[in-house]
Amino acid sequence: MSVPCYVRTVARSFAVGSKLFRPTVLCSCKDTVTRKMSSRRQTDHLERTANVRRDMELFSARVSDVMNESEAVKRLRLEVPHPDFSFRAGQWVDFFIPGVDTVGGFSICSSPGLLQREGVIELAVKNTHHPPAHWIHTKCSVGSQVAVRVGGNFYFDPQPSDPVVDLLLVAGGVGINPLYSILLHAADLLRHADGHRYTPGHTHLCYSAKNTKELLFKNTIIDICHERPDRFSCDLHVTQQSSDIEQELQPYTISGRISEEELQRYVDSERTLCYLCGPPPMIEKLSSDLQRIGLPEDRILFEKWW
């Protein structure tokens, strides 16, 4: 069975089912120098993504809100007023900051629908020594002016004529960001289904973090599952939980890593399309697990971040 055209390039020039639709791997574990690169090179977003398709136009944006998503992650809301600005669920932005030489690269964690409704996008950024992330956590405030440019081959962009698929979204750590965008987009599509638009099948999210405090967006994820339990489900994994799990999270939370047995429950070789995002070792293992249980390689789409 050919893979439907859910991952599209800007030029839309590749054939449906072609392996060229496989998202660009931003960090190849086959590259023996990857883990030996200098600190500067490891954090150079533009170098890492030099061969990844991106829009050419740069858009001005204004920070309209800064929120603490967790102790280590801030969520930015950016107003992007230009009518030509758009993105697909799962893509990232090149992030340009006046006075900061280094260009950031951050996945958009909001849905395309939010941009259409309110003219804003959201980013969730972990605090690190990387200059753009450090600026966001120490200097960014409401009213700050930045510029953004959309890029990335890893996205979910179904068209009305595409066949229905079940989505399996698998995230580790801040790898949740693009998958949360895809989850929100699937929820928007379902809410506005009218027989003429694409209607998604079932969406299941497997999301792993060290503890429940680091599970980003967990309340909204659970709300979506409550809203349509026939179409959305989630398993939230914690690997280093030292305190009791909050009562409201207990029905959804599992201690330990995402297992092959869990994935198997949500895999149909002809209906499932899996998106993975997280640390490279996690992606390598889970990609192998998914293929071992029968999911074709061209239905496993991934993006690796550091």
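Rule-based calculations on the coordinates, nothing more; no lab input. As the structure is a computational prediction, the values presented were derived from the model and not from experiment. Backbone-built Cβ (ideal geometry, glycine too); neighbour counts: all protein chains shown.
Miscellaneous remarks
- Extension gain, His82-Glu261: 0.36 nm per intervening residue step, less the Cα-Cα distance, totals 59.8 nm.
- With the largest listed first and rounded to whole Å, the semi-axes of the equivalent ellipsoid of segment 39-151 from the Cα gyration tensor are 20, 18, 13.
- Think of each Lys and Arg Cβ as +1 and each Asp and Glu Cβ as -1; about the Cα centre, that makes the dipole of segment 155-304 roughly 200 debye.
- Remark on Ser208: its backbone amide H falls under 5 Å from those of Ala171, Gly172, Gly173, His237, a criterion applied only to residues 5 or more positions apart or on other chains, H modelled at 1.01 Å from N.
- Here the residues Phe156, Phe232, ranked from fewest to most Cβ neighbours within 10 Å of their Cβ, fall in the order Phe232, Phe156.
- For segment 155-304, the Kirkwood estimate of hydrodynamic radius, built from reciprocal distances between every pair of different alpha carbons, is 15.6 Å.
- When each of Leu46, Leu115 is scored by the number of other beta-carbon atoms lying within 10 Å, the sequence from fewest to most is Leu46, Leu115.
- The string of couplings for segment 249-260 from the Karplus curve (6.51, -1.76, 1.60, θ = phi - 60°) is 8, 4, x, 10, 9, 10, 7, x, 7, 5, 9, 4 Hz, one whole number per residue in order, with x for Gly and Pro.
- Using the Karplus relation 6.51 cos²θ - 1.76 cosθ + 1.60 with θ = phi - 60°, the per-residue 3J(HN,Hα) values for segment 237-245 come to 9, 10, 10, 9, 6, 9, 10, 5, 6 Hz, with x marking Gly and Pro.
- Converting the Cα gyration tensor eigenvalues of segment 78-235 into ellipsoid dimensions via √(5λ) gives semi-axes, longest first, of 28, 19, 13 Å.
- Charge dipole (Cα centre; +1 on Lys/Arg Cβ, -1 on Asp/Glu Cβ; no other charges) of segment 80-162 amounts to roughly 220 debye.
- With 0.36 nm allotted per residue and the present C-alpha distance subtracted, the Gln145-Gln247 stretch has 32.7 nm of extension available.
- Placing unit charges on the Cβ atoms only, positive for Lys and Arg and negative for Asp and Glu, gives segment 137-194 a dipole magnitude near 420 debye about its Cα centre.
- Phe217 long-range amide H proximity, modeled H, under 5 Å: none
- With R₀ fixed at 25 Å, the C-beta to C-beta distance from Ser64 to Val164 puts the FRET efficiency at about 0.10.
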